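Encoded as structure tokens, the structure appears first; notes follow it.
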Amino acid sequence: MKSALLLSVLSLILMSCASKPSQTKTVDHAGDFIASYIQRYNIPGASLAISHNGQVVFQKGYGYADVEAQVAPTPETVFRIASVSKPITAVAVFKLLEKSGTDLKTALDKPVFGKNGYLPQYKKIKDARVLKITLRDLLQHTGGWNSESYDPQYDVYHIAKKMKTSVPASGDTVIRYMLQYKDLDVEPGKEYHYSNLGFNILARVIETLSKMPYEQYVQTEIFAPIEIVDMKIAGNTLKDRLPLEARYYDDPRYPQPISVFDNKTRGPQAYNGFAFHTMDGHGGWLATSTDLVKFADAVTPGAGKVQLLKPETIKVMTTANPATGNPTASLGWVSTEDGKSIAHAGALETSTLSYLNRRSDGTTWAVIFNRLPVKDLAEIGILAKDLMSGMDQALHDFR
């Protein structure tokens, strides 16, 4: 199973579950649904948060954050959020563009690579088409890489060996490897192909423009103004687990892979398969479910005490562009065409599932699970549809 393909499947489902007529619901119905969902799919634990018009109205944990210790999730329990990290990176990019004072369209359509690009430091480029990739392309997954066939973000052992650097390969090393040795799959700007690599590159753009490490910039400029203090890039192994962090559990049907850290040890995918600082901009963050709804409300004009971006910037960021070939693709988000509803899912094989949804009715919800209960892509489609439609029904007409 390829993580990029898995998220592509999710992105096509996210906006397809329209609400159906129903009686007025309360947030308790949503909690009841999540409690039943983790039982139905054999998920150890979950955390759910809901806000309305910028005010958090519900936060609750379900099941176990740590099965062995019989510890339930609390509002302070942080989870890996996987690709829900992508909207965070997108907002950080737009914050930098606003601060630069450059016309937004000009900034988005500027090349990323080459001597006049955002990242002139990358000089060894095998495929000259790379020089056509713009900031907009990276944000909307039209950069030209097709991660369904190969995703370098999870090949950090072999890339490090090829590039003669320490294992695991850093985000910068992965980019250098791809530019130096790989061709693009398609012409930039022409086709939508979900790309983790694109958001790795965006994290390096943030570092270059801000002259700060990616994690520090996001914590300082995005999280601090909205009083989020516990979000950070995750650790890789069980030994790296933080005191308030959930424990992750592979689907028991999933085979134990060879470790990306030594290429010989076998163990759970959750603690052997991911180098989170390499994945920082596309899948690296830890968060509580409340953190996620606060973040979404901070890019929702009219909601939240603090808005991170100007309304006109938010509109550009969240309006879908059907010309990409994916009618839900906006700039770092999955959106309705008018941008009134925005969302993003995250999944890590097979230990994390997360979902953030800002609805057009003023309700935002986020849920994070410590298992992704799938064996193949047919199952991810079923469980994703169940999650979206179940929450839609539970919160239908919520006021």
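Every read-out reported here was derived from the displayed coordinates using simple, explicitly stated rules and does not represent laboratory data. In this text, all values refer to a predicted model and were calculated from it rather than measured experimentally. Because the Cβ atoms are built from the backbone with ideal geometry, glycine has one as well, and the counts that use them run over all protein chains shown.
Specify whether the C-alpha gyration tensor of the stretch 89-149 places it in the rounded, prolate or oblate class, a ≥ b ≥ c being the square roots of the eigenvalues: rounded for a/c under 1.5, otherwise prolate if a/b is larger than b/c and oblate if not.
On the way: a/c = 2.24, a/b = 1.39, b/c = 1.61.
Oblate, since a/c reaches 1.5 and b/c is not below a/b.
At a Förster radius of 41 Å, what calculated FRET efficiency corresponds to the Cβ-Cβ distance of residue 264 and residue 186, to the nearest 0.05?
Approximately 0.70, to the nearest 0.05.
Using Cα springs under 10 Å in a Gaussian network model of the chain, which residue among 273, 101, 144 shows the largest mean-square fluctuation?
Among 273, 101, 144, the largest GNM mean-square fluctuation belongs to 101.
With n ≥ 4 as the cut-off for DSSP H runs, can you work out [θ] at 222 nm for the chain, using -39500 (n - 2.57) per run divided by the number of residues, rounded to the nearest 500? Before the final figure, lay out each step's value.
Values: 14 runs with 134 residues, N = 399.
Dividing the helical sum by the residues of the chain leaves -9500 deg cm²/dmol.
Taking a ≥ b ≥ c as the square roots of the eigenvalues of the Cα gyration tensor of the chain, is the shape rounded (a/c under 1.5), prolate (a/b larger than b/c) or oblate? Display every interim value, and only then the final one.
Working: a/c = 1.62, a/b = 1.19, b/c = 1.36.
Oblate, since a/c reaches 1.5 and b/c is not below a/b.
To the nearest 20 debye, what charge dipole does the chain have about its Cα centre, counting +1 at the Cβ of each Lys and Arg and -1 at the Cβ of each Asp and Glu?
Around 900 debye, computed over the chain.
Once you've got the GNM for the chain with C-alpha springs shorter than 10 Å, pick whichever of 323, 203, 287 has the biggest mean-square fluctuation.
Evaluated over the chain, the most mobile residue of the options is 323.
Under 5 Å between amide hydrogens, which residues at least 5 positions from residue 375 or on another chain qualify, with H placed 1.01 Å from N in the peptide plane?
Long-range HN contacts for residue 375: none found.
Got a sec? How would 199, 261 order by Cβ neighbour count within 10 Å, fewest to most?
Ranking 199, 261 by Cβ neighbours within 10 Å, fewest first, gives 261, 199.
What relative contact order, as a whole-number percentage, does the stretch 196-294 give when Cα pairs under 8 Å and 6 or more residues apart are counted?
33
Considering Cα pairs under 8 angstrom that are at least six residues apart, work out the relative contact order of the stretch 89-214 and quote it in whole percent.
Once divided by the residue count of the stretch 89-214, the mean separation gives 31 percent.
Pick from 178, 388, 163 the residue whose mean-square fluctuation is largest in a GNM of the chain, springs joining Cα atoms under 10 Å.
Result for the chain, Cα springs under 10 Å: 163 fluctuates most.
What's the ranking of 294-301, 214-221, 66-73, 116-123 by average number of surrounding C-beta atoms within 10 Å, highest first?
Numbers: 294-301: 23.0, 214-221: 18.4, 66-73: 13.9, 116-123: 15.6.
Per-residue mean Cβ counts within 10 Å order the peptides as 294-301, 214-221, 116-123, 66-73.
State which helices in the chain qualify, where a helix is a whole DSSP H run, it must extend 30 Å or more along its own axis by its Cα atoms, and its mean Kyte-Doolittle hydropathy must be at least 1.0. Could you put the intermediate results ahead of the total?
Details: long enough: none.
Helices passing the filter in the chain: none found.
So what is the relative contact order of the chain, in percent, for Cα pairs below 8 Å that sit 6 or more residues apart?
Rounded, it is 29 percent for the chain.
Please name whichever of 73, 131, 44 sits farthest to the positive end of the charge dipole of the stretch 27-167, dipole taken about the Cα centre and charges placed at Cβ: Lys and Arg +1, Asp and Glu -1.
131
Does the stretch 57-186 come out rounded, prolate or oblate by the C-alpha gyration tensor, with a ≥ b ≥ c the root eigenvalues, rounded set by a/c under 1.5 and, if not, prolate when a/b is larger than b/c and oblate if not? Don't jump to the answer; show the numbers that get you there.
Working: a/c = 2.69, a/b = 1.46, b/c = 1.84.
Oblate, since a/c reaches 1.5 and b/c is not below a/b.
Which Cα, out of 225, 144, 157, lies furthest along the positive dipole direction of the stretch 140-240 (beta carbon charges, K/R +1, D/E -1)?
Projecting each Cα onto the dipole axis, the largest value belongs to 157.
I'd like the FRET efficiency for residue 55 and residue 216, computed as 1/(1 + (r/R0)^6) with the beta carbon distance as r and R0 of 22 Å, rounded to 0.05.
Taking R0 as 22 Å, the efficiency between residue 55 and residue 216 is 0.15.
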